[in-house]
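**Q** Provided herewith is a single structure, encoded as C-alpha cells, for subsequent inquiry.
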Amino acid sequence: MQAVIRSVDCAIPQRRMSNEEFTAILDTSDEWIHSHTGIRYRHIADPDQAPSDLALEACQKVLSRAAVPPDEVDLILVATATGDYLGFPSVACIVQDRLGAKRAGAMDLAAGCTGFIYGLETARNFVLGGGARNVLVVGAEVLSRIVDWQDRNTCVLFGDGAGAALVSASEDARDGSGRPRGLLASVLRADGSGAHLLERPMGGTRAPFDPENFDRTSACLRMDGRQVYNFAVKAIAEGIPEMLAANGFGIDDVAWIVPHQANVRIIEAAAKRAKIPLEKYYLNIEEYANTSAASIPIALTEMDSKGLLREGDLVATFGFGAGLTWGGNLLRW
C-alpha cells in the first residue's frame, strides 16, 4: 500500500498588494522590502473571507481535478494558525460541512508554518494504517488579520491563501522506471524552548482578552526576526541532508526542494551552508509572501501547473515555523 498525492490546487485572494502600498503608512520602500526578503507582492483576503472559505475553494478544486466526490473523502486535515474561530469549531469541520463530505472526520493541526508537512505525514500514516483511503490535507491562512500593520518588521512579510492536496491509497503506483510513487518518508521535529520567538501573546487561556485593558498589539503576531532567521537557516541546512541520507538518497537524486516560503535570504543562506545549488529550490515568495502553512501547497500547485513536476521526480519539501517546529517530506511524484 502506498499514499499518493493524486492532485493539488490552491485558492488565492484576488486583492494583490504591492510593496509600494506600504510606503503610504510605513517608513519603508519597495527596494528595501525586496532586497531584505525577496517579496514584492502578497494577496490579501477580502473582509468577508475567512480561512475556511479559502480552504473550501482549494478542496473543491482538488476533488474536481481527481474526479473524487466529497462522500469518498475519509478525513480532512487543515493546518492553520488563523482559524475562523478561537479554538473551536475547527476550520476542518466547517470545510467538511460545506464540502458535503458526510463520511469524513475533520481536525485542525497547529504546527505553524510546518503544518502542511505535518499534515502530509499524518495522512500518510492514516492511509498506510488502513484508517483512510482519501485524505484532504490543507494549509489555509488569513494572516493579514493578525499582523500589526504598524510594525514594518513583520507586516510586510505575510500574505493570505490556501492550498490543498488529496492523498489517496494506491495498491501499486509506480513510475516509468518501476519505482514506487507517493509519500516515501518524513521527518518531523520540534523545539518548544523557542516557543516565545514567534507567538500571538493574547487571546488564549493564559492571557485572555480583557476588554477593559485591551492591548491591540498583544493580539497580533510577534516575532524575534533574528532568532527565527538563525533557527530556520540551521533547520534547513542540516535537516534536508539528514532526511535524504536517512532514506538512502543524495542531493543529486532530488529534482526539486520545495521549502516554506518565508524569506529568500533564509533559503539562500541555508543553500550556501549545505552546499546545495540554489537552483534546486523552488521559490515563489516574490508573488505571495509568507502564507505560513499554505506556502508549500501553493508552490506545488504552481509547479504542477507549469509542468515542472514530472512523473518519477523525487521532491523534498521542508518547512519551519512557530512552536518551534520543522520537518520535511520525501515524495516520488
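Every read-out reported here was derived from the displayed coordinates using simple, explicitly stated rules and does not represent laboratory data. All of these numbers come straight from a predicted model, not from anything done at the bench. Don't worry about glycine lacking a Cβ; one is built from the backbone with ideal geometry, like all the others, and counts go over all protein chains shown.
**Q** Just checking: which of the strands (runs of 3 or more DSSP E) contained wholly in segment 1-83 hold 3 or more residues that are closer than 21 Å to A169 by Cβ and in contact (Cβ under 8 Å) with a residue 40 or more places away in the chain?
**A** The strands (runs of 3 or more DSSP E) meeting that bar are 2-11, 75-79.
**Q** Identify the residue in segment 169-217 that is among the basic types (K, R) and out of contact with any Asp or Glu (no Cβ under 9 Å at 6 or more places or on another chain) and, among all such residues, is surrounded by the fewest Cβ atoms within 10 Å (Cβ to Cβ).
**A** Top of the filtered list is R206.
**Q** In segment 32-73, what count of residues is obtained for those that are over 18 Å from the mean Cα position of the chain (by Cα), crowded, with 19+ Cβ neighbours inside 10 Å and charged (D, E, K, R)?
**A** Going through segment 32-73 one residue at a time, the tally reaches 0.
Here is a yes/no grid of residues against (1) more than 27 Å from A322 (Cα to Cα); (2) in contact with a helix residue (DSSP H, G or I) (Cβ under 7 Å, 6 or more places away or on another chain):
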position	(1), (2)
S29	yes, yes
I33	no, yes
H43	no, yes
A58	no, no
L63	yes, yes
P70	yes, yes
D74	yes, no
L86	no, no
D108	no, yes
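**Q** For segment 88-110, does any single residue satisfy the condition of being over 22 Å from the mean Cα position of the chain (by Cα) and touching a residue at least 60 places away in the same chain (Cβ under 8 Å)?
**A** No - not one qualifying residue is present in segment 88-110.
**Q** Please find, among V156, V138, V147, the residue that is in contact with a helix residue (DSSP H, G or I) (Cβ under 6 Å, 6 or more places away or on another chain), part of a strand (DSSP E or B) and not polar (S, T, N, Q).
**A** Just a single option satisfies the conditions, and that option is V138.
**Q** Name, by its number, the condition in (1) closer than 25 Å to M202 by Cα; (2) in contact with a helix residue (DSSP H, G or I) (Cβ under 6 Å, 6 or more places away or on another chain) that does not hold for N284.
**A** (1)
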